[in-house]
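Readers should treat all values here as calculations from the given coordinates under stated rules, not as data from a laboratory. The structure displayed is predicted, hence computed values, not measured ones. So basically every Cβ, Gly included, is an ideal-geometry build from the backbone, and we count neighbours across all protein chains shown.
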Amino acid sequence: MQMKRIHILENILNNRAPGNFEALILSAILFHREDAYGVPIRQWAEEQSGKMVSVGALYTTLDRMEDKGYISSYMGEPGPNRGGRAKKYFRVEGAGLAALDEWRSANDRIKKGLELNPAGGAA
Amino acid sequence: MSKKIKAVKRRAMIDAFLDDIRRAGSEHGPIADSITMKRAGFRLIRLPDGTVAYKGDIEDGAESTIYLEAGRVEAIQTHRSDSIELYGVSGGIARRFLHAPPEAQVVPPRLAEYTFYLIIRDKNARSVILGDLEEQYQDVYSKFGRRMASVFYWEQVMLSLGPLIWKTLTKIVQIRHWFAR
């Protein structure tokens, strides 16, 4: 348990733990599986978060997650409705799944803490 | 002659010509008379594939291209803001096709696209982003029209400027940091 906490702390310090937006994008890629490219990922992220997601923010995050080893990408075929430009597909790697798990357990801990002390003051 | 009367005359001339096309024409289709076409404001152009065509603007923003073969009309394509009308003349029968998918002809605002050329230097990354935006632009266009599609595109450009510029700056800082080591 102590080791796991140290590991999470190390990840945070090394900027390895995913933020909320990264977790949202990771779950969007997992949701769309084989069809996970920019357009459905962005639409899904907007639907789930209720906020507008720009294409610039999306690709900046995708690039960063690829650098961290959370995801990998491959190029698809060019489409006529895209001006002959190819799609870039993404898939979640093992490190991405572990990061998503860490994010979820961190959120659970925060939630539990709030449940134990809903007033926010001294228990 | 006032501009308004000229425009009305020109419009009537084009309508009469289009009516000719719509009716079952002669065996080879109606002849595109160069004088009539010039008066109607069309200019003769040669397309890259060697085809000859008349191209011109009709009032209310629509643009027509009249494709010719040996001086006779082969097809007319009219672009309007909300639809594309394609007229074909073959085998003596004038046919009208309204099913031409508008997205096949729709192009996003050039200036907005160019903005991405300025801020994204990586060719592949730029191509993927522009492809995604074009796909969504065409989707919005088919549902809400050109104006809303342009608003959508420009909105994406404006919102993307911050993250993309920030990414470029952090990359420059990383490179400088690497050289300084």
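Tabulated data
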| item | result |
| --- | --- |
| Tabulated pairs, the range A:37-54, first more than 8 Å from chain B (Cβ to nearest Cβ), second of a type in the set (G, A, S) and buried (at least 16 other Cβ atoms within 10 Å of the Cβ), C-beta under 7 angstrom, 6+ apart or interchain | A:I41/A:A28; A:W44/A:A28; A:A45/A:A28; A:V53/A:A45 |
| Qualifying residue in the range A:16-23 (condition: within 11 Å of chain B (Cβ to nearest Cβ) and under 14 Å from the mean Cα position of the chain (by Cα)) | yes |
| Matching entry among B:L130, B:L159 (being within 11 Å of chain A (Cβ to nearest Cβ) and under 20 Å from A:A86 (Cα atoms)) | B:L130 |
| Test result for B:D132, surrounded by 15 or more Cβ atoms within 10 Å (Cβ to Cβ), over 18 Å from the mean Cα position of the chain (by Cα) and acidic (D, E) | yes |
| Qualifying residue in the range B:106-124 (condition: surrounded by fewer than 19 Cβ atoms within 10 Å (Cβ to Cβ), more than 25 Å from A:G76 (Cα to Cα), without any contact (Cβ under 8 Å) to a residue 40 or more places away in the chain and facing another protein chain (nearest Cβ under 9 Å)) | no |
| Every residue from the range A:75-104 that is in a strand (DSSP E or B) and not β-branched (V, I, T) | A:M75, A:G76, A:E77, A:P78, A:A86, A:K87, A:K88, A:Y89, A:F90, A:R91 |
| Residue within the range A:77-97 that is surrounded by fewer than 11 Cβ atoms within 10 Å (Cβ to Cβ), under 28 Å from B:D122 (Cα atoms) and in contact with a strand residue (DSSP E or B) (Cβ under 9 Å, 6 or more places away or on another chain) present | yes |
| Top-ranked residue in the range B:135-148 [being more than 13 Å from every other protein chain (Cβ to nearest Cβ) and assigned to a helix (DSSP H, G or I); ranked as surrounded by the most Cβ atoms within 10 Å (Cβ to Cβ)] | B:R146 |
